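Please read the structure below before turning to the comments.
The values are calculated or read from the model by the stated rules, or taken from the named source; none is laboratory data. Since we're looking at a predicted model, the values are computed, not measured. Using ideal geometry, Cβ is built from the backbone for each residue, glycine included, and neighbour counts are taken over all protein chains shown. The accessibility values were calculated without ligands, DNA or RNA, using every heavy atom of the protein model including side chains. Shrake-Rupley method; radii C 1.70, N 1.55, O 1.52, S 1.80 Å.
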Amino acid sequence: MDIMAVLYFCVLGFLMMYVDADFVNLMEIDKGFDAETHHEPNKWHSLKDSQFLWSQCNKTAVPVVVTSLHIKPDPIQFGHNISFSGQIDVSEDVGTTTTLEAHLTVMLKIDAQWFDVCVYKPNYCNINDVCDWMKRVVGDKCPPNLKPFCQCPFKKGNYPIPTLTTMIPNPPITVSGQFNITMTLKESQKEIGCLNVKLCLGQC
């Protein structure tokens, strides 16, 4: 299993959710960035005037830590490519059991109102067996530069995330707004990583 691939497909799945007209109906709704950190939980990282921010959200020491994250463009725009890269440090082997889980909390702010996206699309937000999910869902969809890592287990080490680029298509109805996303990784019911991301999709 590869934490980089999980991060990539969770973020990509989250973005694809918003170009899904069914999601819009369910809700009944008519600049580049570069930052670095050094294992500092709860410290937000961004550049001046950036709408993209990220931080570690673990309350105790964890083995999976994002140490850098780069995203372009900022804000993310429909009909354009999105690219991200960075680095993840892993201090112990991960994905050695069938208990590896990934859970997302996704909040969308439109005007002054917040929506809990996972209420409408829970299948995008909870992966109870990441290793099995990687085999069934990711499979041959794994980007070529991540293929060596799209499998369990994920050995300890320092891993650069190669630049990954994908198109965000123009949906029939655009859902623009500010997003607050938290991704938590657990194994054997123990938190092993937590990342919080704030970003803008379309206009904010």
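At-a-glance table
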{"read-out": "Long-range Cα-Cα pairs in region 64-163 (distance over 16 Å), rounded percent", "value": "71 percent"}
{"read-out": "Restraint check, K109/K190; K72/K198; K121/K198; K135/K186; K156/K186, Cα-Cα greater than 22 Å", "value": "K109/K190"}
{"read-out": "Accessible area of region 99-204 belonging to carbon and sulfur atoms, whole % at 1.4 Å probe", "value": "50 percent"}
{"read-out": "Cα lying deepest toward the dipole's positive end in region 84-146, options N126, L108, F84, charges on Cβ", "value": "L108"}
{"read-out": "Kirkwood hydrodynamic radius of region 108-204, Cα pairs, Å", "value": "16.4 Å"}
{"read-out": "Contour minus Cα-Cα distance for K190 and E92 (0.36 nm per residue)", "value": "33.9 nm"}
{"read-out": "Computed FRET value (nearest 0.05) for D140 with T166, which takes r as the C-beta separation and R₀ as 25 Å", "value": "0.95"}
